[in-house]
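Okay, structure first, notes after.
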Amino acid sequence: MKKKQILLGGFLAVLALAMLSGIAAIVLPQRFVSEEVIFTIMLVGCYALGILMVIAVGRDMRVTMQLATISALISMLTFVALIWLNQYFGYRYDDMLIKLGLATLIIALALLHRLLIVPLDPRMFWGRLSKRVALIGAGMTGGCFIAFLVLEDYIFGEDLIIRILGIGLLATAGASIAIGAISLFGPRPGEDEPDVVAESIPVRLTCPVCEDQIEAMSNTAGHCGRCKLQIEIRTRELRCVCGYLLHKLERDICPECGTPVEAGQRWEPASRA
């Protein structure tokens, strides 16, 4: 808890300092506030918002969250160093730092994308397919971008590579939007199907105390007529893990998601049960 309080206090202090510096940059004349200060405030603000998003959505994936946060911090510090120490670096070192900042930024964005997509659990086939395309596409596209940055001087046919990267970005973006839309608005198997045993039905059982026969109704409170033992029988429908209703389904595979139906959950007519 103390670590979280220290982290929160530090973040709020940096945020307050950035706000005050930004207000001063707007109010004071231009000669009192350099362009380096303004660009640093804008840069730190954007990265702080991104890191806050990473921490907010990545609590269940700590390793990925930590890697994304570290990558974002390295990228931010690299660009801040370029802003303030640009005059001390030569062209060669400037180019190396720019590539380092962009590469770590791409890694942070790819990991943030993973933090957002992995928790989604679509039941539909197209949703699962979109999820796989989004995750694989983001990883491959990010890796290709980094390879292009590192090996830029040794690659021929840059136009073709840029087109391939563009296709990868579009495929990843489309699949990511699709998985999000399917998870939020897509129909869930079985949600529109009427309940078969939602209402009370006659049930006959043996009292576990006095072994007398009890005739009761499901989903309602009752008692044994002899020993007055209070009983309540609840019935539930057999459904697949995806939510598909297994009532009157004699197949051993769910037609919605293709998951094998366990023997104990397969429906059988009353004459065969």
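Computed values, structure above
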item: Qualifying residue in region 14-23 (condition: over 22 Å from GLY137 (Cα atoms) and either aromatic (Phe, Trp, Tyr) or assigned by TED's automatic domain parsing to the domain that holds GLY142 (or both)); result: no
item: Residue count for region 180-215, restricted to those that are at pLDDT 75 or above, exposed (fewer than 11 other Cβ atoms within 10 Å of the Cβ) and within 48 Å of the chain's Cα centre (by Cα); result: 4
item: So ARG226, is it more than 24 Å from ASP121 (Cα to Cα), exposed (fewer than 14 other Cβ atoms within 10 Å of the Cβ) and at pLDDT below 75; result: no
item: Which listed residue is in a helix (DSSP H, G or I), out of contact with any His (no Cβ under 6 Å at 6 or more places or on another chain) and at pLDDT 90 or above, from LEU73, LEU49; result: LEU73
item: Residue match in region 94-114 (condition: part of a loop (DSSP other than H, G, I, E, B) and crowded, with 20+ Cβ neighbours inside 10 Å); result: no
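The values are calculated or read from the model by the stated rules, or taken from the named source; none is laboratory data. This one's a predicted model, so the numbers in the text were calculated from it and none came from an experiment. When we count neighbours, we look across all protein chains shown, and the Cβ atoms used for this are built from the backbone with ideal geometry, even at glycine.
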